[in-house]
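Below is one structure, written out as structure tokens, with a few remarks after it.
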Amino acid sequence: MKYNTRLLHPPGTVVNVTIRPTRRANPHRTLQGELDTGADITIIPESITIDLELAPNEPVLMYGYDEEESERATYRVDLEILGYTLRAVRVVAAPRATLLLGRDVLAHFIITLDGKAQTFEMVDP
Amino acid sequence: MAKILKESRAVYSVSLDKAEALTKPVVLKRAGRQVAALVPIAEYAQFVSWRKQHRPSRKRATKATWLAKQERIMNREFAAFEQMKPALLQSHKDKWVAIHNGELVDSDADDKLLLERVDSKFGDITMLVTRVTETERVYHVNSPKLVRQ
């Protein structure tokens, strides 16, 4: 797969992710997810929590790159990535347009990056 | 003493150049004040479409109300969990627990197994499922993002 040049600058790794409330087939939304090895946990856009009527779970403390602290609710969702489904993934909602796939999700895949060719592979072993 | 106000019956006569009314808005005035505008039908159709797009949908407002209610429930369950935490640290340390109506209803070392169980037992309801740990789990998102100018 090629790096995304429209969403990210410099170009980066983006995959389509379908997000569903845990154990419900519908409603669902498909959006672009950035692969982010700097994120401990996966982050979904806040608007999705309303669209999919996601019930909040316990709040967690989050720190950004500048160590700014915020408290955010967690949610449980099923994520479908490249045909693979991860069940009951614990995610955090934040005011952003795209999804950030954190290391909690990336750990389920073998990901190979070729920065020079701006291509990557992502497979579930 | 109440006053009775009467408005004179006025007949308004508007003379329009047909071509003008079809191409640009015509502002109607009354006593020198602008009171209405007559717009070409295409422009009106555009406005109706814009208004439909920008009006907050009732469905979304209902969903937001539902979400606020779930947040209240979760805050209540979390407050109950905080109260129970010293005892849970003795009995369920590092386990996942499910709190419903302020009570511990189930626990497991595996969060997904616990979720499946409480889901089949209670259905699709808002319930706190959290891990009993001494220190609060903190998450870092270390990726700054450049905004393209």
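Here, each number is a calculation from the coordinates, and none is a lab measurement. Predicted, not measured: the structure shown is a model, and the values here were computed from it. Here Cβ is always computed from backbone atoms with ideal geometry, including for glycine, and neighbour counts include all displayed protein chains.
If packing is taken as the average count of other Cβ atoms within 10 Å, what order do A:56-63, A:103-110 fall into, highest mean first?
A:56-63, A:103-110
Which number comes out as Rg/Rh for chain A once both Rg and the Kirkwood Rh are worked out on C-alpha atoms?
0.96
Lys and Arg at +1, Asp and Glu at -1: add these up for the other residues within a Cβ distance under 11 Å of B:Phe81 and post the number.
-1
Hey, got the average number of other protein chain Cβ atoms within 10 angstrom for residues in B:134-140?
Partner Cβ neighbours, averaged per residue: 6.
Would you please name the trypsin sites (Lys or Arg not before Pro) within segment A:60-99 that are DSSP coil residues with at most 10 other C-beta atoms within 10 Å of their C-beta?
Taking segment A:60-99 and a limit of 10 other Cβ atoms within 10 Å, no loop trypsin sites (Lys or Arg not before Pro) are found.
Report the calculated FRET efficiency for B:Ala31 and B:Ala68 (r = Cβ-Cβ distance, R0 = 35 Å), to the nearest 0.05.
0.15
Compactness ratio of the protein assembly as shown: Cα Rg over 2.2 N^0.38 Å, N = residue count?
For the protein assembly as shown, the normalised Cα radius of gyration is 1.48.
Of the listed peptides B:37-44, B:136-143, what is their order by residue-averaged count of other C-beta atoms within 10 Å, with the highest listed first?
Answer by packing, highest mean first, reads B:136-143, B:37-44.
Roughly how many debye, to the nearest 20, is the charge dipole of chain A about its Cα centre, given +1 on each Lys and Arg Cβ, -1 on each Asp and Glu Cβ, and no other charges?
560
Roughly how crowded by other chains is peptide A:54-66, in terms of the mean Cβ count from those chains within 10 Å of each of its Cβ atoms?
Neighbouring Cβ atoms belonging to other protein chains average 6 per residue here.
Only Cα pairs under 8 Å and at least 6 apart count here; give the relative contact order of chain A as a rounded whole percent.
Worked out over chain A, it gives 30 percent.
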